[in-house]
Structures are given as structure tokens and as C-alpha cells.
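Peer 1: Quick one: this structure, given as C-alpha cells, is what I'll be asking you about.
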Amino acid sequence: MDARTRLYGEFAARFACDGLHGPTRPCDPLELDRAELALETHLPTSYRQFLCTHGPLFVPDLWEAVVQRDLGTHPVREFLTPEQVVDDTRLCWSGGMPKDFVGVAGDFMGNLFGFHRMAMNGIRPDDLPVSLFDHDYVRVVPVASSFDEWLKWFIEHVCAVGAPE
């Protein structure tokens with residue numbers, strides 16, 4: 001098992017909960033292909049592998065854990081389905097989010113985590129920096145140097161949900 005597969009498995013095991021419709025199912029790569037075509041961008045291999053392995057995870061307790069420990073970061077609440085990526089990104093574009101940004105995950109406050117768009121005429125990036133679109137201030141701020149580093153930060157700084165500190 002490679003390091004990326006272990007990272008994604010550990011993140012899912014520590015933080016994922018059943019959503020409103022039960023456990024999350026892995027995404028079909030064709031769903032991600034359709035989202036990419038609709039938004040005219042490549043999504044990084046890292047993010048695609050995460051969704052194709054674990055699906056759009058629901059991680060609401062991560063917010064509580066970050067706030068309780070006063071960790072000074074903005075926690076993710078849920079990863080979006082490919083259809084939600086398209087719909088929510090387009091909705092936020094109409095509300096002032098820069099059109100060079102694609103949202104792939106959300107928090108409790110209507111903000112989107114995501115990536116800057118990549119031209120589809122090039123090679124798919126392995127990983128990309130993660131940023132946050134703050135809808136209150138209509139700005140995009142850097143969060144992590146890569147998708148993998150973003151998930152790794154939560155694993156290293158937040159105990160497993162329900163575990164003692």
C-alpha cells in the first residue's frame with residue numbers, strides 16, 4: 001500500500017461519519033470526468049484518487065474538534081459529490097467567487113475549499129495547493145500547499161473523533 005492510499009484511509013477512518021443518506025460510496029471516475037468537462041478544468045490526481053476510493057466524505061465532527069482545541073485553522077465539514085462540485089462552484093461564481101477557482105469541499109459556514117482551475121489542454125496535475133473561498137469577504141486564501149498536506153495536517157493535529165486528547 002502506498003503512502004497516499006494510507007493517508008486517505010487514515011483520514012477516512014479517523015474523521016468520516018455517515019451522512020444523511022448513510023455511508024458514503026466511492027465516486028465513479030466518469031462522474032469526475034463529467035465535472036471536469038462541465039467546469040473546463042483538470043482536478044488533481046490526488047483529489048480524484050481520494051473520491052474514487054472513499055467518496056465525498058462527511059466529516060462534521062472535525063469542526064468541533066478543531067474549535068475545541070483552538071487550532072487556528074478552518075476545518076472542512078464535507079467533501080462534495082462531483083455534481084455538487086459543478087453546482088456549488090457555478091453558484092459561487094455567480095456570487096462573486098473568482099472564475100479561476102473550483103470548490104470541492106465545504107465548511108459549516110458556506111465557504112468552499114478547492115483548487116485554482118487548470119487548463120485541460122495540459123497534463124493532469126498530481127496534486128495542487130488547497131485554498132478557501134471566504135464568501136463573507138469574497139476572497140480566496142491559501143490553506144495548504146497540497147491536497148495531501150491538507151489532509152495530513154488534520155491527522156497530525158486533531159485526535160480521532162471521540163478519542164481523548
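The numbers here are math on the coordinates, done by the rules we state, and not lab data. This one's a predicted model, so the numbers in the text were calculated from it and none came from an experiment. Glycine gets a Cβ as well: all are built from the backbone with ideal geometry, and neighbour counts include every protein chain shown.
Peer 1: Taking θ as phi - 60°, what are the ³J(HN,Hα) couplings along segment 62-74 by the Karplus curve (6.51, -1.76, 1.60), each to the nearest whole Hz, with x for Gly and Pro?
Peer 2: Calculated HN-Hα couplings, in order: 4, 4, 4, 5, 5, 5, 4, 8, 6, 7, x, 10, 9 Hz.
Peer 1: Another question, if that's okay. If each residue of separation counts as 0.36 nm, what is the full-extension length gain between MET1 and GLU149 once their alpha-carbon separation is subtracted?
Peer 2: Working: separation 148, 0.36 × 148 = 53.28 nm, distance 1.83 nm.
Between MET1 and GLU149, full extension yields 51.4 nm more.
Peer 1: Moving to a separate point now. Would you calculate a helix-derived [θ] at 222 nm for the chain, using -39,500 (n - 2.57) for each DSSP H run of n ≥ 4 and dividing by the full residue count, to the nearest 500?
Peer 2: -12500 deg cm²/dmol
Peer 1: Loop only per DSSP, at most 10 neighbouring Cβ atoms within 10 Å: give me the chymotrypsin sites (Phe, Trp or Tyr not before Pro) in segment 87-165, ordered by residue number.
Peer 2: TYR137
Peer 1: Separate question: In whole percent, what relative contact order does the chain give with Cα contacts below 8 Å and a gap of six or more residues? Let's see the in-between values first.
Peer 2: Values: 264 pairs, mean separation 40.1, N = 165.
In percent, rounded to a whole number, it is 24.
Peer 1: I've got another one for you. Loop-only check: which chymotrypsin sites (Phe, Trp or Tyr not before Pro) in segment 33-84 are DSSP coil with at most 15 other Cβ within 10 angstrom? Write down the numbers at each step before the final one.
Peer 2: On the way: sites: TYR47, PHE50, PHE58, TRP63, PHE79; in loops: none.
Listed in order of number, the matching sites amount to none.
Peer 1: Could I ask something else about it? In segment 88-141, what is the volume of the convex hull around the alpha carbon atoms, normalised per residue and reported in Å³?
Peer 2: Given the Cα convex hull of segment 88-141, per-residue volume reads 76 Å³.
Peer 1: For the chain, modelled as a Gaussian network with Cα springs under 10 Å, which listed residue fluctuates most, LEU30, LEU151, LEU51?
Peer 2: Taking springs between Cα atoms under 10 Å, the residue moving most is LEU30.
Peer 1: Follow-up question, since we're still on this one. If you average the C-alpha positions of segment 1-51 and of segment 103-163 separately, how far apart do those two centres end up, in angstrom?
Peer 2: 13 Å
Peer 1: Also, I was wondering about something else. Give the residue list of trypsin sites (Lys or Arg not before Pro) in segment 12-107 that are DSSP loop and have at most 16 other beta-carbon atoms within 10 angstrom.
Peer 2: Of the trypsin sites (Lys or Arg not before Pro), the ones in loops of segment 12-107 whose Cβ has at most 16 other Cβ atoms within 10 Å are ARG69, LYS99.
Peer 1: Take the Cβ-Cβ distance between GLN68 and PHE108 as r, set R0 to 22 Å, and report the resulting FRET efficiency rounded to the nearest 0.05. Can you show the working numbers first?
Peer 2: On the way: r = 14 Å, r/R0 = 0.64.
Plugging the Cβ-Cβ distance into 1/(1 + (r/R0)^6) gives 0.95.
Peer 1: Show the residues, 5+ positions off or on another chain, whose built amide H is closer than 5 Å to the amide H of PHE101.
Peer 2: Under 5 Å from the amide H of PHE101: ARG117.
Peer 1: Using a basic spin-label model with each label point 7 Å from the Cα along Cα→Cβ, how many nm lie between ASP126 and ASP33?
Peer 2: Distance between the two pseudo-spin positions: 2.4 nm.
Peer 1: Can you give me the long-range amide H partners of GLY19? Hydrogens built in the peptide plane at 1.01 Å from N, cutoff under 5 Å, separation of 5 or more residues or another chain.
Peer 2: It is THR24, by chain and number.
Peer 1: Sort largest first and round to whole Å: the equivalent ellipsoid semi-axes of the chain, each the square root of five times a Cα gyration tensor eigenvalue.
Peer 2: Taking √(5λ) for each Cα gyration eigenvalue gives 24, 19, 15 Å.
Peer 1: Hey, another quick one. Going by C-beta contacts inside 10 Å, put ASP107, ASP70 in order with the fewest on the left.
Peer 2: Final ranking by Cβ density, sparse to dense: ASP70, ASP107.
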